[in-house]
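The block underneath contains the structure these notes are about, expressed in structure tokens.
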Amino acid sequence: MTRNVLILGAAGRDFHNFNVVFRDNPEFNVVAFTATQIPYIENRIYPASLAGKLYPKGIQIYPEADSERLILSHDVRDVYFSYSDVSDEYVMHRAAMAQASGASFHLLGPRDTMIKSRRTVVAVVASRTGAGKSTISRKVARALKASGRKPVVVRHPMPYGDLSLAVQRFATFEDLDRFRATVEEREEYEGHIGEGLVVYAGIDYKAILDKAETEGDVILWDGGNNDFSFYKPDLSIVVVDPTRAGDESRYYPGETNVRMADIVVINKVNLAQADVLERLTESCLELNPRAEVVRTKSVATLDRPEYVRNRRVLVIEDGPSVTHGGLSEGAGANAARSYGATLVPPRKSAVGSIRLAYERFPKLGDVLPALGYSSEQLEELRRSIEATDCDAVVLGTPSDLTRLIRITKPVARVRFEAVDAGEPTLDQLLFQEPRLGMGR
């Protein structure tokens, strides 16, 4: 008997789970997706071109608030939770909702969802959003290139625009404009593109893998949020954040990543006390005794320090890190304060959906989240910046917002990199035999 299924998602893991488990599978009938976390991703249709022969009209995407109604009205037997960076308590509340409505509740695991590559796969994932995956991914990519390998980056999906784009290839900054990349996408792609790497993303990760395998000899999986890899890794690296010590065992599926990791990178060690680092190390090794643990510093630099030193500044931070990632502020605030700057609170001058973000994410501090999921929201971001009385703007977001909106105030950009903090180093472990079969 065919079982009716509801997939709870956030435009990423949910689509991948559908593609590898449910598409063209007559045992299941996916009645709908739901969406949350990210603005403007509900009330769309997962297109027939990707949904397969069983769904000639595609599949409707509803707000997650409609879940209970959908379960009851469609006689849903199975609810599959398919998004990331939420507390264990949050997941169980969704389980209780599903079960109280009569459905079973499921979490799909790596064996059902990871695709095997014919290339070597190095996966960089995290315990929480904002732990510093991007800096570690770039560090790994540089090491691979220096050793003579040719890495190709595959980024966790962010299909916030045209859902018919199964495969996207980013090799130039013009590609970002061509695909109308959101600010969040640019935050993840610009750093790799700037170092001459090709980045793939999209929706169909089997089709993406087929393309990426023709361009490089190592697939570098650059994870999103704290999700686990869509590809079966030969080496799994998880980045943990000492500024949120304890979250490595309290957030889904970050704990899964820690337990599966070959290497645990404790990043941002320059921002934490020694006793916190020791407790975090013990916690990670308790979860995964076979893991190697390395430490890195997150080092920030300002390109225009004269705009910031002892001035009143508006700091704009990486959006996901300070929204559903739960940080109150990020690298931009740290860098600004290191130059004696005073942060100007932008909460009262924010407009539209930017202002609403402070209500939805009350932990947000005296920083502005870099939200730009639509042209309308980008305009609201611009207006929020212009309405803030400050001497300069500090871009803590990895994306160069000046490519997208006009900022009339002086702008200083923060660039941050992961730097080794003792031995063993990540590079040493990366090429340690027999790991990856890639010994020097």
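The values are calculated or read from the model by the stated rules, or taken from the named source; none is laboratory data. Predicted model, so just to flag it, every value in this text is computed and none were measured. A quick note on method: Cβ atoms are made from the backbone with ideal geometry, for glycine too, and the neighbour counts reach across all protein chains shown.
Data for the structure
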{"read-out": "Residue selected from the stretch 335-354 under the condition assigned to a helix (DSSP H, G or I), out of contact with any strand residue (DSSP E or B) (no Cβ under 6 Å at 6 or more places or on another chain) and not charged (D, E, K, R), by the criterion surrounded by the fewest Cβ atoms within 10 Å (Cβ to Cβ)", "value": "338"}
{"read-out": "Some residue of the stretch 376-396 being surrounded by fewer than 20 Cβ atoms within 10 Å (Cβ to Cβ) and closer than 30 Å to residue 295 by Cβ", "value": "no"}
{"read-out": "The stretch 172-201, residues that are farther than 20 Å from residue 415 by Cα and in a helix (DSSP H, G or I)", "value": "174, 175, 177, 178"}
{"read-out": "All positions within the stretch 193-207 that are out of contact with any Phe, Trp or Tyr (no Cβ under 8 Å at 6 or more places or on another chain) and touching a residue at least 24 places away in the same chain (Cβ under 8 Å)", "value": "195, 197, 202, 204, 206, 207"}
{"read-out": "Unique residue being assigned to a helix (DSSP H, G or I), crowded, with 17+ Cβ neighbours inside 10 Å, aliphatic (A, V, I, L, M) and modelled with pLDDT of 95 or more when the list is 154, 140", "value": "140"}
{"read-out": "Unmet requirement for residue 366, which otherwise passes all of (1) in contact with a strand residue (DSSP E or B) (Cβ under 6 Å, 6 or more places away or on another chain); (2) in the same structural domain as residue 267 (by TED's automatic domain parsing); (3) acidic (Asp, Glu)", "value": "(2)"}
{"read-out": "Residue check, residue 243 of a type in the set (S, T, N, Q) and either within 15 Å of residue 152 (Cα to Cα) or not assigned by TED's automatic domain parsing to the domain that holds residue 164 (or both)", "value": "no"}
{"read-out": "Entirely in the stretch 1-118, the helices (runs of 4 or more DSSP H) that have 2 or more residues that are modelled with pLDDT under 95 and more than 27 Å from residue 212 (Cα to Cα)", "value": "none"}
{"read-out": "Members of the stretch 81-97 found to be more than 20 Å from the chain's Cα centre (by Cα) and in contact (Cβ under 8 Å) with a residue 40 or more places away in the chain, listed by number", "value": "94"}
{"read-out": "Pairs, first on the phi > 0 side of the Ramachandran plot and touching a residue at least 40 places away in the same chain (Cβ under 8 Å) in the stretch 214-235, second acidic (Asp, Glu) and in a loop (DSSP other than H, G, I, E, B), C-beta under 7 Å, six or more apart", "value": "225/85"}
{"read-out": "Hits in the stretch 21-56 (condition: among the hydrophobic types (A, V, I, L, M, F, W, C), surrounded by fewer than 18 Cβ atoms within 10 Å (Cβ to Cβ) and out of contact with any Leu (no Cβ under 8 Å at 6 or more places or on another chain))", "value": "48, 54"}
